[in-house]
Structures are given as C-alpha cells and as structure tokens.
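Contents: one structure, followed by commentary.
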Amino acid sequence: SALTQPASVSGSPGQSITISCTGTTNDFDDNNYVSWYQQHPDKAPKVLISDVNKRHSGVSNRFSGSKSGITASLTISGLQAEDEADYFCSSFTGSNTVIFGGGTKLTVL
Amino acid sequence: QVQLQESGPGLVMPSETLSLTCTVSGAPISIYYLSWIRHSAATGLEWIGRIYNTGNTKYSPSLESRVTVSADTSKNQVSLKLNSLTAADTAAYYCATGDRSSFDNWGRGILVTVSS
C-alpha cells in the first residue's frame, strides 16, 4: 500500500507548511532513500528532494526535507502562489521496489 | 540533456494488452535505469517497474503478474506491456530515469483509457 500523506494542506503566501509521509519499517528499510516530487496539473512530476534532504539541481532552497523514524517530511517556507500543486513522497523499499505516497494537494490561500 | 517520449495507443479495450514505448534521445539507454510510472486521480502515482542497464527487471508486487518491461538498445527504446487490462488501469503513463526512489528525467506522459 501507499505511504500515508495528508490529503491536503494550505497556507498563506509567506508562511511555511510541512507535509508528512509515513510508512512502515519495510517501506523505508532504515535507509535515506526518500524523495519528494511536485506535480502541477497535466504535467509530469518534478523531483525536488532526493535522499531525504538533498535538493535537486535548480530547486529553490525554500524546499527542505527531513526524516525521523518512519516519517519523512517536506517543508516549504515562504509560500508562493506557484507552489500550489500536488506533492508526492517516494521511498526505496527493503524489497528493492519503489512506493509512492498518496499525494498531498497544497493550496496557497 | 536526455529526453524521453512515450508513445502508444490512447484507448485500449478491457482484457487486452497495453503496449507502450519510451524512446530516449540524447544518451544511450545502456547508462540508465529506466522506470515506468503511472498517475491517476484515483490512486495518485504508482511505480510499475524498472529495467536496469544490465537488462534485469524489478516490478511492483501488485502488478508483477501482468507486466513486462524490456529494452531495445538498437532503437534506444524501453517498452512496457501490461495485460488483462481493466478500467482501473486508466492512467497517464510515464517513463523516467533514476535510481532508487529518485526519478530525475521524465517523459511528458501518455494518457491511456481502458474502455469498450
């Protein structure tokens, strides 16, 4: 089954929000292979974060990742209108497969 | 920079087999791990499977009995076959490069509808 994410979060411009991503010990395999993606409507996903907290080339430093136990988190600071999108986490499991979260819709108020 | 382009039918009948192709340009597929991933409004993103540069494959346990991913290095293409289709397989299908859970290059995707 998918990693667990909140269905939706919202925030005002300039605020910070955090999206959680919870799995099982097998989902995360006690490793740091967690990634985060941003997807705008009818567009391909774009990787933001790899290996829990490594920002992909060209990604704003307003995006940051962390992980504690079986919960990973994506924090977006200084919210901007363009951040409104769906966000997905993913993990490389102990079975060498990939599992995604159910996705979180971010609304910028 | 590497570019990926999915191609195939946009409409497939239930119980039939979906065949999609991912054409890679800008680099040989032999240097990449390539995955197929799909997205639907109902289920979000779902990883289907991966082919390694060795030719070895790994599939999602939930789809393993119905899926085959293969590569044609002479055409620089990777293919996806998914059989016994149902309406639940309706989704946008993407190919992407990347290792572990990080996919850095994606195709534009192809929308596949399963319907009679």
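Every number in this text was worked out from the coordinates using simple rules, so none of it is lab data. Everything quoted here is computed from the prediction, not taken from an experiment. For neighbour counting, all protein chains shown are included, and Cβ atoms are generated from backbone atoms with ideal geometry for every residue, glycine included.
Mean separation of Cα pairs under 8 Å and 6+ residues apart, divided by the residue count of chain B: what relative contact order is that in percent? Please report the intermediate quantities before stating the final value.
Details: 278 pairs, mean separation 41.6, N = 116.
This gives 36 percent for chain B.
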Next on the checklist: Going by Cα centres, the range B:41-116 and the range A:11-39 are how many Å apart?
Outcome noted: 23 Å
Checklist entry - So what is the relative contact order of chain A, in percent, for Cα pairs below 8 Å that sit 6 or more residues apart? => result 39 percent
Checklist entry - Fewest first, what order do A:100, A:63, B:103 take by the number of other Cβ atoms within 10 Å? => result A:63, A:100, B:103
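Please give the direction-averaged projected area of the C-alpha convex hull for chain A, in square nanometres with one decimal. The partial results should precede the final answer.
Numbers: hull surface 25.3 nm².
Over all viewing directions, chain A projects a mean Cα-hull area of 6.3 nm².
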Checklist entry - Once you list every other residue whose beta carbon is under 13 Å from the beta carbon of residue B:38, what net charge do they have if Lys and Arg are +1 and Asp and Glu are -1? => result -2
Checklist entry - For the range B:54-87, which trypsin sites (Lys or Arg not before Pro) are in a loop by DSSP, counting at most 15 other Cβ atoms within 10 Å? => result B:75
Checklist entry - Considering only the other residues whose Cβ falls under 13 Å of the Cβ of residue A:66, what net charge follows from Lys and Arg at +1 and Asp and Glu at -1? => result +2
Next on the checklist: Quick check on the exposure proxy: order A:55, B:38, B:100 from fewest to most C-beta atoms within 10 angstrom.
Outcome noted: A:55, B:100, B:38
